[in-house]
1. Inside segment 65-78, can you point out the residues that are open to solvent by 20 Å² or more (accessible area, probe 1.4 Å) and under 25 Å from D174 (Cα atoms)?
2. With a cut-off of at least 1 residues that are under 15 Å from the mean Cα position of the chain (by Cα) and within 16 Å of ligand 2 (Cβ to nearest atom), name the helices (runs of 4 or more DSSP H) lying wholly within segment 1-108.
3. From the list D174, D203, which one is within 16 Å of ligand 4 (Cβ to nearest atom) and over 16 Å from G148 (Cα atoms)?
4. Is it the case that some residue within segment 30-53 is within 21 Å of L268 (Cβ to Cβ), open to solvent by 80 Å² or more (accessible area, probe 1.4 Å) and touching a strand residue (DSSP E or B) at 6+ places or on another chain (Cβ under 9 Å)?
5. Yes or no: L131 more than 16 Å from ligand 4 (Cβ to nearest atom), over 18 Å from F191 (Cα atoms) and open to solvent by less than 10 Å² (accessible area, probe 1.4 Å)?
6. Given the conditions (1) within 17 Å of A49 (Cα to Cα); (2) in contact with a helix residue (DSSP H, G or I) (Cβ under 8 Å, 6 or more places away or on another chain); (3) modelled with pLDDT of 95 or more, and given that L214 satisfies all but one, which numbered condition is not satisfied?
7. Could you please find all residues in segment 254-274 being within 16 Å of ligand 1 (Cβ to nearest atom), under 15 Å from T40 (Cβ atoms) and not charged (D, E, K, R)?
8. It is to be established whether one or more residues within segment 119-128 are surrounded by 16 or more Cβ atoms within 10 Å (Cβ to Cβ), within 16 Å of ligand 2 (Cβ to nearest atom) and not acidic (D, E).
Amino acid sequence: AKEAGRARMTCYETAMDAHREERNALELDLRRAIETEELTVAYQPLVDASSCEMTGVEALVRWNRPGHGPISPEAFIPIAETSGLIEALGLLVLRKACKAAQQWPDLRVAVNVSPGQFRNPAFADYVRSVLNETGIEAERVTLEITEGYIIQNPERTRQSIERLKALGVKVALDDFGSGFSSIGYLRQFGFDRIKIDRSLTMDVLEDNRAREMLKATVALARSLDIPVTAEGIETEEQGRALQGFGCDELQGYFYGKPMPEPEIGKRLAVQLAA
Ligand code: C2E
Ligand code: CA
Ligand code: CA
Ligand code: CA
């Protein structure tokens with residue numbers, strides 16, 4: 001029995017070594033991808049819930065890893081977070097997105113911010129320097145943060161948000177309804193917008209509980225004068241339902257998948273000509 005135990009441990013160790021090696025290789029490639037700007041940014045339309053006109057875009061990082069193909073940000077953002085690469089990655093995305101938005105008159109641009117960026121007291125300084133460098137109007141920029149970090153560090157969150165809002169940028173609470181959403185924090189932190197997570201919106205037509213939660217959440221946000229975006233809309237019926245509950249902005253494959261920068265330009269040109 002002892003022998004067998006030892007053999008099993010060895011096999012786990014081998015598997016762990018392989019895993020560690022793969023992770024190290026990924027980290028190395030990611031570091032290079034940031035330095036060489038191998039990372040790109042896709043833009044997904046944000047549309048007005050009543051007119052369906054595109055009023056903004058969300059910037060989403062993309063990585064086509066050589067020899068491996070496209071990797072989901074859900075796979076490499078956590079690695080960027082734990083290996084100290086997230087600040088460089090985040091800055092790259094913010095810079096590209098603000099530059100791109102300069103060609104799109106009046107479109108808002110939303111950029112995701114990781115806890116690892118937000119935690120740094122100098123983050124607002126980075127944001128200010130990107131605003132200066134690109135010349136974009138601060139109020140066109142929305143920074144999306146998730147609630148996980150907030151709950152752990154309410155006081156520091158409040159300070160960071162104040163600093164960002166002093167620059168004139170907007171701050172949105174992302175993925176609302178996906179975890180332990182605290183409705184009390186909504187007003188307390190002065191969020192300019194909340195984004196309702198796809199895990200709630202996807203069930204809006206089938207699941208009564210999801211529907212009631214959605215209705216209540218949107219109604220509460222509206223009573224606090226906080227506008228609401230619903231994410232992950234894949235059908236017209238879902239969109240209509242969420243508009244009916246009071247969402248002013250919608251996002252999802254039904255209105256447009258994340259696309260390269262030039263596609264947004266074309267779409268905007270068509271819209272402006274109409
Ligand atoms: P998120 O911020 O919640 O972004 C929305 C995600 O939902 C995107 O996935 C988008 O492609 C996807 N999506 C949008 N509409 C639909 C729909 O109708 N159906 C379905 N099934 N999915 C939809 P993506 O691009 O894979 O990004 C995943 C997550 O990775 C993001 O979730 C965000 O948390 C993170 N992420 C992406 N780009 C960045 C970035 O530049 N910085 C940071 N820190 N995180 C990022
Ligand atoms: Ca987001
Ligand atoms: Ca989200
Ligand atoms: Ca998400």
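1. Residues satisfying the conditions are P70, I71, S72, P73, E74, A75, I77, P78.
2. On the way: elements: 2-35, 73-82, 86-101.
Correct list: 73-82, 86-101.
3. Working: D174 fails: over 16 Å from G148 (Cα atoms).
After ruling out the rest, the residue left standing is D203.
4. At the first step, the residues of segment 30-53 found to be within 21 Å of L268 (Cβ to Cβ) are 40-53.
Applying the additional criterion that residues be open to solvent by 80 Å² or more (accessible area, probe 1.4 Å) yields 50, 53.
So of that shortlist, the ones also touching a strand residue (DSSP E or B) at 6+ places or on another chain (Cβ under 9 Å) come out as 53.
Looking through segment 30-53, at least one residue is within 21 Å of L268 (Cβ to Cβ), open to solvent by 80 Å² or more (accessible area, probe 1.4 Å) and touching a strand residue (DSSP E or B) at 6+ places or on another chain (Cβ under 9 Å).
5. Numbers: more than 16 Å from ligand 4 (Cβ to nearest atom): yes; over 18 Å from F191 (Cα atoms): yes; open to solvent by less than 10 Å² (accessible area, probe 1.4 Å): no.
Criteria not met by L131.
6. For L214, the failing item is (3).
7. If the condition is that a residue be within 16 Å of ligand 1 (Cβ to nearest atom), under 15 Å from T40 (Cβ atoms) and not charged (D, E, K, R), then P258, M259, P260, I264 are the ones that fit.
8. no
The values are calculated or read from the model by the stated rules, or taken from the named source; none is laboratory data. The structure displayed is predicted, hence computed values, not measured ones. We place every Cβ from the backbone using ideal geometry, glycine too, and count neighbours over all the protein chains shown. Surface areas here come from the heavy atoms of the whole protein model, side chains and all, with no ligands, DNA or RNA. Shrake-Rupley method; radii C 1.70, N 1.55, O 1.52, S 1.80 Å.
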